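The values are calculated or read from the model by the stated rules, or taken from the named source; none is laboratory data. Note that the structure is predicted; figures quoted are calculated from it, not measured. Glycine gets a Cβ as well: all are built from the backbone with ideal geometry, and neighbour counts include every protein chain shown.
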Amino acid sequence: MLKAILHTRPGRQLDTIFTQADLQRLGNTVEVLWGKNEEMPQEAWTQAKKEASILIGIPRYGVGEVDEKAAPHLKAIMEVGGAHPRRELVDYETCFRRNIRVLSCAPAFAKMVAELALGHALAALRNIVEADRRMRQGEEKWGWRGQADICTLYNATVGIIGYGNLARELRLLLAPFNCKLHAYDPWLPDTYLEQQEITPTGLEALLQTCDVSFVLAIPTRENRELLTREKLEQIKPGAVLVLASRSHLVDFNALIELANAGKFRATIDVYPEEPPPPDHPVRSTKNTVLTCHMAGAIDHALYKIGQMVTDDVEAITAGLPPISMQVAQPEFVAKR
């Protein structure tokens, strides 16, 4: 029986990502080393790694050496946080050389994030949050006066910035609205997007023409503040920008300043500092819908992590490739 180190993220307990059934299934498949709701001492991790074939979870101090001497049996590294580990935490070059798969549970969150992103867009287009505030304060506008600044998602022109896991799930949710879909993703060929019935579009053209733009790209070294102030200023007047993946992709100060000035509407679930300080300007912005990084980490998504991990552990122990988690690719890792 293969051995696996089970080390969850600090603050994410075993029973929040594994059902009892999946924990039992995991224990029937591999010999579980550690598997406690506390951080494994680094010395113990280093020693156990010499026996383990699978590492589940990345300690805050990183995986450490993964060469033939330090981890002779290693076949896979599985992260349970939601993104492939940073390069300082995992020696990707050695993993690729040794055919050690580095796997991410990111797909577990895609449906939940897409659902909230759609909800954000609808809330902004139909002015639901502001209407609620007015109603509670006795300042509501009845009849046509209350409809003046309301738009619909039906037949809208929609832009997607970053066509990955999140975007593919969002596309399914948008289908009933008959939207005209555009996407900007320099990692994908135009023909791939066209096969998805999506129009490949340059970033500036997308911002200038779309009624709603969803920011769904993963953060990389190359796309920090991809949406600069200059680009944000090109957003179609009255349009909606949905920031759902990471604040890394936008000039955040410019975003809230321009939304405050009424240039466009914005919805925000992610922030440069979480939580933002009580006096942060974002808390008092106009034309915005704000939530507290709540898109993905709910029970449905978290238990999906445990299911995906266990499914792929079963596959690996059977001599098969993993099929549930996302495999790190050398070309993409180089951009992280």
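Would you say TYR154 is in contact with a Phe, Trp or Tyr (Cβ under 7 Å, 6 or more places away or on another chain), aromatic (Phe, Trp, Tyr), in a loop (DSSP other than H, G, I, E, B) and modelled with pLDDT of 95 or more? Taking the combined requirement at face value, the residue satisfies it.
Residues in the stretch 110-137 that are small (Gly, Ala, Ser) and surrounded by fewer than 20 Cβ atoms within 10 Å (Cβ to Cβ): GLY119, ALA131.
Would you be able to tell me the number of residues in the stretch 1-47 that are hydrophobic (A, V, I, L, M, F, W, C), surrounded by fewer than 19 Cβ atoms within 10 Å (Cβ to Cβ) and modelled with pLDDT of 95 or more?
Qualifying residue count for the region: 5.
The one condition from (1) surrounded by 20 or more Cβ atoms within 10 Å (Cβ to Cβ); (2) out of contact with any helix residue (DSSP H, G or I) (no Cβ under 6 Å at 6 or more places or on another chain); (3) not hydrophobic (A, V, I, L, M, F, W, C) that GLU257 does not meet is (1). Pairs linking a residue in the stretch 229-258 that is within 15 Å of ASN287 (Cα to Cα) to a residue that is surrounded by fewer than 20 Cβ atoms within 10 Å (Cβ to Cβ) and of a type in the set (Ser, Thr, Tyr), with Cβ atoms under 6 Å and 6 or more positions apart or on different chains, are ILE256/THR285.
When SER245 is tested against (1) touching a strand residue (DSSP E or B) at 6+ places or on another chain (Cβ under 8 Å); (2) at pLDDT 95 or above; (3) not β-branched (Val, Ile, Thr), only condition (2) is not met. Selection of the stretch 234-263 for residues being within 22 Å of VAL129 (Cα to Cα) and of a type in the set (Lys, Arg) yields LYS236, LYS263.
Might you check whether a residue that is under 19 Å from LEU2 (Cα atoms) and not hydrophobic (A, V, I, L, M, F, W, C) occurs anywhere in the stretch 300-309? Checking the stretch 300-309: at least one residue is under 19 Å from LEU2 (Cα atoms) and not hydrophobic (A, V, I, L, M, F, W, C).
Of the helices (runs of 4 or more DSSP H) lying entirely inside the stretch 1-71, the ones with 1 or more residues being among the polar types (S, T, N, Q) and touching a strand residue (DSSP E or B) at 6+ places or on another chain (Cβ under 9 Å) are found at 20-29.
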